[in-house]
Amino acid sequence: MAMVPAADNVRTRVAGRELSIVNLDKVMYPATGYTKAEVISYYSQIADVLLPHVADRALTRVRFPDGVSGPSFYEKNAPAGTPDWVRTARILTSDGPVSYVVADEPATLVWLANLAALELHVPQWRVGVLDQRTAASGALERGEPLADRVVVDLDPGAGTTIVDVARAAMIAAERLASDGLVPVAQTSGSKGIQVYAAVAPTPSRRIWAYVKQLNGTLHRRQPDFFVASMSIAERAGRIYVDYNQNLAARNTIAPYSLRGRERPTVATPLTWEEVAATAGPDDLRFSPEDVLDRVAEHGDLAADLLHPDRPELPVADEDGA
C-alpha cells in the first residue's frame, strides 16, 4: 500500500484501487495512542486472512469518528459517497430495504478503516445464497436466508471469569463435535468466546432451533454453570448461550475484526489448546500486532469455517425444545 501526500490528505493505491485517506494521525484508542494510520495498516495487512470470512456477507459496521472515547454508531446502509467500485447488496429487511456494503477486496477494508469503521459484523448467511432458489427447503420462498455457520455465543454473567467462559467453550465444542461438526473457537475481543462450526446451507431458523436446544441441554446437565434464561439477573455467576445470534437478522463480530474497546483488541481465532489452558484474562486478549504475528506463525486458525465440504446440521425441534 503506497501512499502519496496531497494538500490535506494522502492518496494511496490498494490492489489497483486509488483512495484518499485523511487524519492519519488521529488517535483512535487514547489509552494506548493507537492511531488511524495504525488501524488502516492493520486492516491492510490482515486483509488476505480476514476477507474470506466476510466476503459475500452483508457487513454491519460500528464507526467511531472521534475514536473509542467518543460517540459511536452502527451503520448498515452504504454511506453517501461510497465509491462505485465498492460492492453493495440490496437486502429486504423487516425495517425495509438496506443497501449493505460487502467487503470482498482489500481496498474496501482500507476505505472502511478510513471511515473509522473499527468493528466489522457479519451474519451467518451469504448474500449469494439469497439469489438461489432451493425448492427442497422452501426457505427462500419464505424470505429466510440459508446460513452456512452455527455460532454458539457464550455470554458470561456477572461474577464469571474468562476461565469460566473457556470451560463453557470446551463443553459446547464437545457437544458440536459429537454431532459431527468441527468447532472453531474465537475470542469476541471483549469478555466472551464464540464457538463456530461450518454447516451445509441451512435455513437460519433451523440453526437457531439447534442452538436453542443446545442451550437447554447444557442448562439441564449443569444448571449451576449454564443458565437458560435471558434474564440478566438470573445470569449472575453462570454462562448463557445466546442462541438468538443465529437469527437471520443478527450478526456477530467477524474473525480478525478490531473491537471498539478501551484498548485495540481483536476478535481472535484460537486453538483448543489455548482455550483449555486459559488461566486468566490476559491469556485470551490479543492486540493487532499479536494477531499479525499469530497469523504469520499459524496461518488462519479459523480456516475450518471455510472448508467447502460442510456437514449437514443435525435435526432439532423447530422451537428448540
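Just so you know, all these numbers are worked out from the coordinates, no wet-lab data involved. Since we're looking at a predicted model, the values are computed, not measured. Quick reminder, even Gly has a Cβ in these numbers, built from the backbone with ideal geometry, and neighbours come from all protein chains shown.
Work out, in µm²/s and without decimals, the Stokes-Einstein translational diffusion coefficient of segment 7-64 at 37 °C, 0.692 mPa s, Rh from Kirkwood over C-alpha pairs. List each step's numbers first, then the result.
Details: Rh = 13.3 Å.
My calculation gives 248 µm²/s for D.
Enter the per residue convex hull volume of the chain, computed from alpha-carbon coordinates, in Å³ rounded to the nearest integer. Can you show the working numbers first?
Values: hull volume 46.3 nm³, N = 321.
In the chain, the Cα hull volume divided by residue count equals 144 Å³.
So how long is each side of segment 1-131 along the principal axes, counting just the alpha-carbon atoms, biggest first, in Å?
43, 34, 27
Give the shape of segment 271-312 as rounded, prolate or oblate, defined through the alpha-carbon gyration tensor: a ≥ b ≥ c are the square roots of its eigenvalues, a/c under 1.5 means rounded, and otherwise the shape is prolate if a/b is larger than b/c and oblate if not.
Numbers: a/c = 3.05, a/b = 1.53, b/c = 2.00.
Judged from the Cα gyration tensor, segment 271-312 comes out oblate (a/c at least 1.5, b/c at or above a/b).
How many nm separate the modelled label positions at ALA177 and ALA200, each set 7 Å beyond the Cα in the direction of the Cβ?
2.4
Which is the longest part of the chain that has none of the GluC sites (Glu not before Pro) sitting in a DSSP loop with at most 13 other Cβ atoms within 10 Å?
Values: sites that count: GLU262, GLU312, GLU318.
Here the longest segment lacking exposed loop sites spans 1-261.
Within the set of other residues whose C-beta is less than 14 Å from the C-beta of GLY96, count the net charge using Lys and Arg as +1 and Asp and Glu as -1. Could you put the intermediate results ahead of the total?
Working: positive: LYS76, ARG90; negative: ASP95.
Every neighbour counted, the sum reads +1.
To the nearest 10 degrees, how steeply does helix 204-221 sit against the main Cα axis of the chain, on a 0 to 90 scale?
Taking the Cα atoms of the chain, the angle to 204-221 is about 60 degrees.
Would segment 201-321 count as rounded, prolate or oblate if I go by the C-alpha gyration tensor, calling it rounded below 1.5 in a/c and otherwise prolate when a/b exceeds b/c, oblate otherwise?
Working: a/c = 1.96, a/b = 1.35, b/c = 1.45.
Oblate shape, in that a/c is at least 1.5 and b/c is the bigger or equal ratio.
Show log10 I(q)/I(0) for segment 184-242 at q = 0.27, 0.29 Å⁻¹, two decimals, from a solvent-free Debye sum over equal Cα scatterers.
Listed by q, the Debye log ratios stand at -1.18, -1.20.
With each run of n ≥ 4 DSSP H residues scored as -39500 (n - 2.57), what mean residue ellipticity at 222 nm is computed for the chain after dividing by its residue count and rounding to the nearest 500 deg cm²/dmol?
Numbers: 8 runs with 87 residues, N = 321.
Dividing the helical sum by the residues of the chain leaves -8000 deg cm²/dmol.
Report the calculated FRET efficiency for ASP84 and ARG263 (r = Cβ-Cβ distance, R0 = 35 Å), to the nearest 0.05. Please list the in-between numbers first.
Details: r = 36 Å, r/R0 = 1.03.
E(calc), rounded to 0.05, equals 0.45.
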